[in-house]
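The values are calculated or read from the model by the stated rules, or taken from the named source; none is laboratory data. Not measured: the values here are computed from a predicted model. Here the Cβ is made from the backbone with ideal geometry for all residues, glycine too, and neighbour counts use every protein chain on show. For accessibility, only protein heavy atoms count, side chains too; no ligands or nucleic acids. Shrake-Rupley method; radii C 1.70, N 1.55, O 1.52, S 1.80 Å.
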Amino acid sequence: MVIILEKNASQEQVNNIIKHLEDYGFQIHQSTGVERTIIGAIGVKPDFDTRKVRILEGVAEVYRITTPYKLANRSFHAENTIIKIKDVEIGGNKIAMIAGPCSVENEDQIFRLAKSVAKSGARILRGGAFKPRTSPYSFQGLGEEGLKLLRSAADENNLLVITEVMQIDHIELIDKYTDIFQLGARNMQNFSLLKELGKVDKPVMIKRGQAATIEEWLMSAEYVLSGGNKNVFLCERGIRTFENYTRNTFDLSAIPVVHKKSHLPIIADPSHATGLRDQVPPMARAAVAAGADGLMIEIHDDPENALSDGPQALLPDSFQKLTEELRLIAKAIGREL
Ligand code: PEP
Ligand code: MN
């Protein structure tokens with residue numbers, strides 16, 4: 001068990017914590033850093049209730065070292081991971097905005113939308129070229145042509161690109177056009193794809209599987225991290241529950257939970273989480289207030305005729321208005337957007 005003390009823990013609190021740990025029969029290893037003191041307790045039985053330590057004064061975090069993920073664990077890496085891509089950061093004080101259509105549909109569409117994205121101040125353009133569709137009869141994406149259009153629309157507007165990779169043999173192709181690989185919800189536990197993404201030298205955004213626990217999601221991150229790629233961030237995009245008014249149920253609390261358990265940045269996707277345009281702004285505002293490191297939002301200027309996910313797309317004007325509101329919320333919690 002690893003116990004991380006509060007930054008301002010008093011000596012009296014430290015002594016009291018150590019006394020408790022010794023009384024429980026643990027062997028103690030204390031490591032006093034400049035910022036933080038960490039105590040390792042050895043000999044913890046599987047049935048020991050760690051809350052007995054968590055409630056002691058001066059204790060900030062308690063981790064069982066038996067968590068199945070290590071590299072993604074905050075006890076392994078106390079500081080937040082900040083991912084730098086050119087002049088954009090994900091996981092720093094500035095909240096990263098990712099926006100664009102669900103799918104790249106044609107040249108005019110992606111160039112118009114890239115312009116709106118840039119106008120709002122967002123720096124990352126999304127757009128699917130290989131689409132994971134529930135029905136084989138639905139639009140499957142433009143493939144490489146879509147990637148080319150996405151890249152040129154982004155370049156013309158000084159934006160970065162994120163796009164989804166669905167299979168291993170597309171990694172090389174997508175790598176030519178993208179700045180960030182998106183691993184979709186349906187592939188969150190595609191372990192062979194995760195292993196290959198561990199070898200790329202670009203950031204990977206891992207969307208939460210529709211029925212994945214936070215621990216399973218962090219295990220997917222662990223796959224990429226253990227492959228040598230340290231630039232991983234997570235995206236909460238809603239989970240399947242018994243509620244069917246919305247497309248998914250947005251797990252807002254995943255944001256503070258991931259921040260607590262991991263050093264990796266976490267962003268939110270209120271578009272897929274709700275599936276309904278009118279639900280997107282309130283959930284986006286909530287996500288920023290809850291500490292999300294970024295947002296991914298689908299936009300379209302002709303949602304009625306969108307080839308995928310029109311009902312959840314915000315019109316460019318609504319997106320612009322939303323970013324202005326989000327800026328105020330970010331400021332209220334000491335962040336920027
Ligand atoms: C998407 O972002 O276009 C997408 C398909 O999302 P998800 O994998 O979360 O369903
Ligand atoms: Mn979509």
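Under 8 Å between Cβ atoms, which residue pairs at least 6 apart in sequence (or on different chains) link something in the stretch 280-308 that is under 16 Å from S253 (Cβ atoms) with a partner that is surrounded by 24 or more Cβ atoms within 10 Å (Cβ to Cβ) and acidic (D, E)?
Here the result reads A287/E236; A292/E236, each pair linking the stretch 280-308 to a residue that is surrounded by 24 or more Cβ atoms within 10 Å (Cβ to Cβ) and acidic (D, E).
Return the residue satisfying two criteria in turn: it lies in the stretch 48-73 and is modelled with pLDDT of 95 or more and assigned to a loop (DSSP other than H, G, I, E, B), and of such residues it is nearest to V204 (Cα to Cα).
Among those that are modelled with pLDDT of 95 or more and assigned to a loop (DSSP other than H, G, I, E, B), it is A72.
Within the stretch 157-210, take every residue that is in a helix (DSSP H, G or I) and within 16 Å of ligand 2 (Cβ to nearest atom) and give me the one that is surrounded by the fewest Cβ atoms within 10 Å (Cβ to Cβ). Show your work before the answer.
Filtering the stretch 157-210 down to residues in a helix (DSSP H, G or I) leaves 168-175, 185-187, 191-197.
Those left that are additionally within 16 Å of ligand 2 (Cβ to nearest atom): 185-187.
Numbers: A185: 24, R186: 15, N187: 21.
My answer is R186.
In the set I55, I85, which member is among the hydrophobic types (A, V, I, L, M, F, W, C) and touching a strand residue (DSSP E or B) at 6+ places or on another chain (Cβ under 8 Å)? If you could, list the steps in order and put the result at the bottom.
On the way: I55 fails: touching a strand residue (DSSP E or B) at 6+ places or on another chain (Cβ under 8 Å).
Criteria check complete, one pass: I85.
Can you tell me which residue within the stretch 44-100, out of those that are among the basic types (K, R) and closer than 18 Å to I255 by Cα, is least open to solvent (accessible area, probe 1.4 Å)?
Of everything passing the filter in the stretch 44-100, R74 is least open to solvent (accessible area, probe 1.4 Å).
Do any helices (runs of 4 or more DSSP H) entirely within the stretch 219-337 hold 1 or more residues that are open to solvent by 10 Å² or more (accessible area, probe 1.4 Å) and within 16 Å of ligand 1 (Cβ to nearest atom), and if so, which?
Details: elements: 254-261, 270-274, 280-289, 316-332.
Per the criteria, 270-274, 280-289.
Only one residue in Q109, Q140 is farther than 29 Å from V257 by Cβ and open to solvent by 50 Å² or more (accessible area, probe 1.4 Å). Which one?
Numbers: Q109 fails: open to solvent by 50 Å² or more (accessible area, probe 1.4 Å).
On inspection, the qualifying residue turns out to be Q140.
Suppose we keep only residues that are farther than 30 Å from Q140 by Cα and among the acidic types (D, E) within the stretch 303-337. Which one would you say is farthest from ligand 2 (Cβ to nearest atom)?
E336
Residues of the stretch 121-133 being buried (at least 23 other Cβ atoms within 10 Å of the Cβ) and either within 21 Å of A185 (Cα to Cα) or of a type in the set (S, T, Y) (or both), which ones?
Correct list: I124, L125, R126, G127, G128, A129.
Of the residues G146, G141, G121, which single one is within 14 Å of ligand 2 (Cβ to nearest atom), touching a residue at least 24 places away in the same chain (Cβ under 8 Å) and at positive phi?
Details: G146 fails: at positive phi; G121 fails: within 14 Å of ligand 2 (Cβ to nearest atom).
Answer to the check: G141.
Regarding G92, is this residue modelled with pLDDT of 95 or more and within 16 Å of ligand 1 (Cβ to nearest atom)?
Working: modelled with pLDDT of 95 or more: yes; within 16 Å of ligand 1 (Cβ to nearest atom): no.
Answer is no for this residue.
Do the conditions hold for P282, that is, is it assigned by TED's automatic domain parsing to the domain that holds E215, away from ligand 2 (no atom under 16 Å from the Cβ), over 18 Å from A118 (Cα atoms) and not hydroxyl-bearing (S, T, Y)? Please lay out each step first, then the result.
On the way: assigned by TED's automatic domain parsing to the domain that holds E215: yes; away from ligand 2 (no atom under 16 Å from the Cβ): yes; over 18 Å from A118 (Cα atoms): yes; not hydroxyl-bearing (S, T, Y): yes.
Spelling it out, P282 is indeed assigned by TED's automatic domain parsing to the domain that holds E215, away from ligand 2 (no atom under 16 Å from the Cβ), over 18 Å from A118 (Cα atoms) and not hydroxyl-bearing (S, T, Y).
Can you name the residue in the stretch 31-47 that is closer than 20 Å to K70 by Cβ and in a loop (DSSP other than H, G, I, E, B) and, of all such residues, is modelled with the lowest pLDDT? Before you say what the answer is, go through the steps one by one.
Step one: list which residues in the stretch 31-47 are closer than 20 Å to K70 by Cβ, which gives 31, 33, 36, 38-44, 46.
From what's left, in a loop (DSSP other than H, G, I, E, B): 33, 36, 43-44, 46.
Details: G33: 86, R36: 89, G43: 84, V44: 74, P46: 63.
Looking at residues that are closer than 20 Å to K70 by Cβ and in a loop (DSSP other than H, G, I, E, B), I get P46.
Suppose we filter the stretch 1-30 for residues that are open to solvent by less than 60 Å² (accessible area, probe 1.4 Å), over 16 Å from E57 (Cβ atoms) and not in a loop (DSSP other than H, G, I, E, B); how many remain?
2
Out of the residues in the stretch 97-117 meeting the condition of being among the aliphatic types (A, V, I, L, M) and within 13 Å of ligand 1 (Cβ to nearest atom), tell me which one is farthest from the chain's Cα centre (by Cα). Step through it out loud before you land on a result.
To start, the set of residues in the stretch 97-117 that are among the aliphatic types (A, V, I, L, M) comprises 97-99, 104, 110, 113-114, 117.
Now restrict to residues that are within 13 Å of ligand 1 (Cβ to nearest atom): 98-99, 104.
Working: I98: 12, A99: 14, V104: 22 Å.
Within the stretch 97-117, the match that is farthest from the chain's Cα centre (by Cα) is V104.
S138: within 16 Å of ligand 1 (Cβ to nearest atom), among the hydroxyl-bearing types (S, T, Y) and either more than 29 Å from L337 (Cα to Cα) or in contact with a Cys (Cβ under 6 Å, 6 or more places away or on another chain) (or both), yes or no? Give the derivation first.
Values: within 16 Å of ligand 1 (Cβ to nearest atom): yes; among the hydroxyl-bearing types (S, T, Y): yes; either more than 29 Å from L337 (Cα to Cα) or in contact with a Cys (Cβ under 6 Å, 6 or more places away or on another chain) (or both): yes.
Considered against the rule, which asks whether it is within 16 Å of ligand 1 (Cβ to nearest atom), among the hydroxyl-bearing types (S, T, Y) and either more than 29 Å from L337 (Cα to Cα) or in contact with a Cys (Cβ under 6 Å, 6 or more places away or on another chain) (or both), S138 comes out as yes.
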